[in-house]
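First up is the structure itself, then whatever we jot down about it.
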Amino acid sequence: MTKTILRALAGETQAVPPIWMMRQAGRYLPEYRATRAKAGDFLSLCYAPELAAEVTLQPIRRYGFDAAILFADILLLPQALGADLWFETGEGPRLSTVTSAADLARLKAKGAIHETLAPVYETVRILSRELPKEVTLIGFAGAPWTVATYMIAGRGTPDQGPAHALKAADRATFQGLIDLLTEATVDYLSAQVEAGAEVVKLFDSWAGSLKGRDFDDFALEPARRITQALKARHPGLPVIAFPREARGRYEGFAEATGADCVALDNSVAADWAAAHVQKDGCVQGNLDPAHMVTGGEALVAETRRIVRAFSNGPHIFNLGHGITPDADPHNVQRMIDAVRG
Ligand code: CP3
């Protein structure tokens with residue numbers, strides 16, 4: 001096994017950790033903005049396999065990252081399940097809402113997701129042909145809770161209030177939505193793997209707003225079900241889980257779900273995570289993406305500190321969250337040089 005990312009996921013400690021970056025294909029890159037303009041809008045770009053493959057490859061060509069992440073979005077799955085989806089310029093996603101048993105029944109009645117998502121699988125097939133042989137292709141989906149927060153509210157929310165409200169008011173509909181998403185996510189990720197994805201990552205961006213028992217039921221349990229089902233269908237498939245802002249609940253997450261790697265957000269202290277999370281296997285992370293904007297000596301010092309903290313176990317270097325549109329592409333190169341240099 002020569003690919004550095006797969007070696008880390010298999011538990012190997014490497015002198016230089018492999019590196020990639022969340023949102024590495026994105027608006028901070030002029031070549032991304034040019035391709036997105038050619039596609040028209042963001043969703044058209046997601047559903048245009050040649051162009052989506054092109055933007056996936058751009059950061060690989062520019063920086064030589066060890067992994068490429070499929071260019072798509074976590075909200076394509078709700079769209080494939082029958083929700084309306086559009087992006088308001090400068091504001092973010094908008095969806096038709098799911099707030100009742102009748103709304104859920106309509107989604108369940110639609111059934112098949114693969115027709116809508118076929119262009120995504122085609123992007124994966126193009127990438128598995130065109131990526132340099134040492135680069136690992138990562139497929140992904142949103143975790144059920146995070147996707148449900150957008151579906152219930154019809155948009156992003158600061159505190160996921162509408163999803164928490166539905167969970168309290170109509171538990172059966174809420175649980176039904178989580179179950180529908182759990183099953184659809186297994187089918188979606190499985191199709192990505194069949195098309196050529198070598199690793200899958202589950203993004204639970206809002207896991208941190210689930211407390212106590214809710215965290216077990218709606219972050220941990222869906223991740224466990226998805227991981228187990230995928231590994232049953234694709235023995236040996238590495239899974240990365242990202243229960244963002246899980247704080248102390250990062251500890252034990254890999255063991256409880258069967259994930260091969262836990263991605264850490266930048267609120268987690270690297271020394272704590274080395275002792276309490278990396279002891280169970282590979283970790284990914286966790287530089288504050290703000291350094292990609294501010295740069296300077298602090299960027300280099302923080303990068304080195306994180307590399308050092310995780311140097312006694314398997315580690316994939318990454319940011320703690322996605323790179324932002326105001327980031328300076330030169331700072332990305334400085335981070336890579338600090339990791340590899
Ligand atoms: O990491 C990558 O480069 C792969 C592609 C990817 C995108 N979104 C592309 C994208 C991935 C893995 C995602 C995940 C995603 N999408 C998450 C989970 C990770 C996270 O960031 O917490 C979430 C919550 C979404 C939903 C979403 N998509 C929102 C809220 C927005 C609008 C906010 C924003 O950043 O503009 C998007 C749009 C989006 N997804 C963009 C990209 C490159 C920007 C679209 C543009 O070009 O205008």
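Please work out which one of (1) within 11 Å of the ligand (Cβ to nearest atom); (2) loosely packed, with under 14 Cβ neighbours inside 10 Å; (3) not in a helix (DSSP H, G or I) is the condition residue 15 fails and give its number.
(1)
At pLDDT below 95, farther than 20 Å from residue 193 by Cα and of a type in the set (Ser, Thr, Tyr) - does that describe any residue in segment 89-102?
Yes, segment 89-102 contains a residue that is at pLDDT below 95, farther than 20 Å from residue 193 by Cα and of a type in the set (Ser, Thr, Tyr).
Considering only helices (runs of 4 or more DSSP H) fully contained in segment 262-341, which possess at least 3 residues that are touching a residue at least 40 places away in the same chain (Cβ under 8 Å) and open to solvent by less than 30 Å² (accessible area, probe 1.4 Å)?
Working: elements: 270-276, 291-294, 296-309, 329-340.
So the answer is 329-340.
Matching residues to (1) away from the ligand (no atom under 16 Å from the Cβ); (2) in contact with an Asp or Glu (Cβ under 7 Å, 6 or more places away or on another chain); (3) not in a helix (DSSP H, G or I):
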site: 187; (1), (2), (3): yes, no, no
site: 194; (1), (2), (3): yes, no, no
site: 211; (1), (2), (3): yes, no, yes
site: 222; (1), (2), (3): no, no, no
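Scan segment 241-256 and give yes if some residue there is more than 23 Å from residue 210 (Cα to Cα), of a type in the set (Gly, Ala, Ser) and either open to solvent by less than 10 Å² (accessible area, probe 1.4 Å) or without any contact (Cβ under 8 Å) to a residue 12 or more places away in the chain (or both), otherwise no.
The answer is no, given that none of the residues of segment 241-256 is more than 23 Å from residue 210 (Cα to Cα), of a type in the set (Gly, Ala, Ser) and either open to solvent by less than 10 Å² (accessible area, probe 1.4 Å) or without any contact (Cβ under 8 Å) to a residue 12 or more places away in the chain (or both).
Name every residue in segment 53-76 that is outside any loop (DSSP other than H, G, I, E, B) and either more than 11 Å from the ligand (Cβ to nearest atom) or over 22 Å from residue 127 (Cα atoms) (or both), in order of residue number.
Answer for segment 53-76, where residues must be outside any loop (DSSP other than H, G, I, E, B) and either more than 11 Å from the ligand (Cβ to nearest atom) or over 22 Å from residue 127 (Cα atoms) (or both): 53, 54, 57, 60, 61, 62, 63.
Does residue 244 qualify as being more than 15 Å from the ligand (Cβ to nearest atom), of a type outside the set (A, V, I, L, M, F, W, C) and either modelled with pLDDT of 95 or more or touching a Cys at 6+ places or on another chain (Cβ under 6 Å) (or both)?
Answer is no for this residue.
Residue-wise test of (1) in contact with a helix residue (DSSP H, G or I) (Cβ under 9 Å, 6 or more places away or on another chain); (2) of a type in the set (Lys, Arg).
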position: 241; (1), (2): yes, no
position: 249; (1), (2): yes, yes
position: 264; (1), (2): yes, no
position: 276; (1), (2): yes, no
position: 280; (1), (2): yes, no
position: 286; (1), (2): yes, no
position: 321; (1), (2): no, no
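List every residue pair whose Cβ atoms lie under 7 Å apart, where the two residues are 6 or more positions apart in sequence or sit on different chains, the first residue falls within segment 31-45 and is farther than 14 Å from residue 89 by Cα, and the second residue, located anywhere, is among the polar types (S, T, N, Q) and within 8 Å of the ligand (Cβ to nearest atom).
none
Are any residues in segment 77-100 in a loop (DSSP other than H, G, I, E, B), farther than 25 Å from residue 59 by Cβ and open to solvent by 30 Å² or more (accessible area, probe 1.4 Å), and if so, which ones? Step through it out loud before you land on a result.
Residues of segment 77-100 in a loop (DSSP other than H, G, I, E, B): 81-84, 89-91, 96-100.
Subset that is farther than 25 Å from residue 59 by Cβ: 81-84, 91, 96-100.
Of everything in segment 77-100, those that are in a loop (DSSP other than H, G, I, E, B), farther than 25 Å from residue 59 by Cβ and open to solvent by 30 Å² or more (accessible area, probe 1.4 Å) turn out to be 82, 84, 91, 96, 97, 99, 100.
What are the residues in segment 130-152 that are in a helix (DSSP H, G or I) and either without any contact (Cβ under 8 Å) to a residue 24 or more places away in the chain or buried (at least 20 other Cβ atoms within 10 Å of the Cβ) (or both), if any?
144, 145, 146, 147, 148, 149, 150, 151, 152
Report yes if some residue within segment 261-278 is modelled with pLDDT of 95 or more and closer than 20 Å to residue 77 by Cβ; otherwise report no.
yes
Mind checking which residues of segment 196-216 are open to solvent by 40 Å² or more (accessible area, probe 1.4 Å) and closer than 13 Å to residue 148 by Cβ?
Correct list: 206 only.
Answer yes if at least one residue in segment 101-115 is more than 16 Å from the ligand (Cβ to nearest atom), more than 20 Å from the chain's Cα centre (by Cα) and open to solvent by less than 20 Å² (accessible area, probe 1.4 Å), and no otherwise.
Among the residues of segment 101-115, at least one is more than 16 Å from the ligand (Cβ to nearest atom), more than 20 Å from the chain's Cα centre (by Cα) and open to solvent by less than 20 Å² (accessible area, probe 1.4 Å), which makes the answer yes.
The values are calculated or read from the model by the stated rules, or taken from the named source; none is laboratory data. Please read these numbers as outputs of a predicted model, since none were measured by experiment. Here the Cβ is made from the backbone with ideal geometry for all residues, glycine too, and neighbour counts use every protein chain on show. SASA here: full protein model, heavy atoms, side chains in, ligands and nucleic acids out. Shrake-Rupley method; radii C 1.70, N 1.55, O 1.52, S 1.80 Å.
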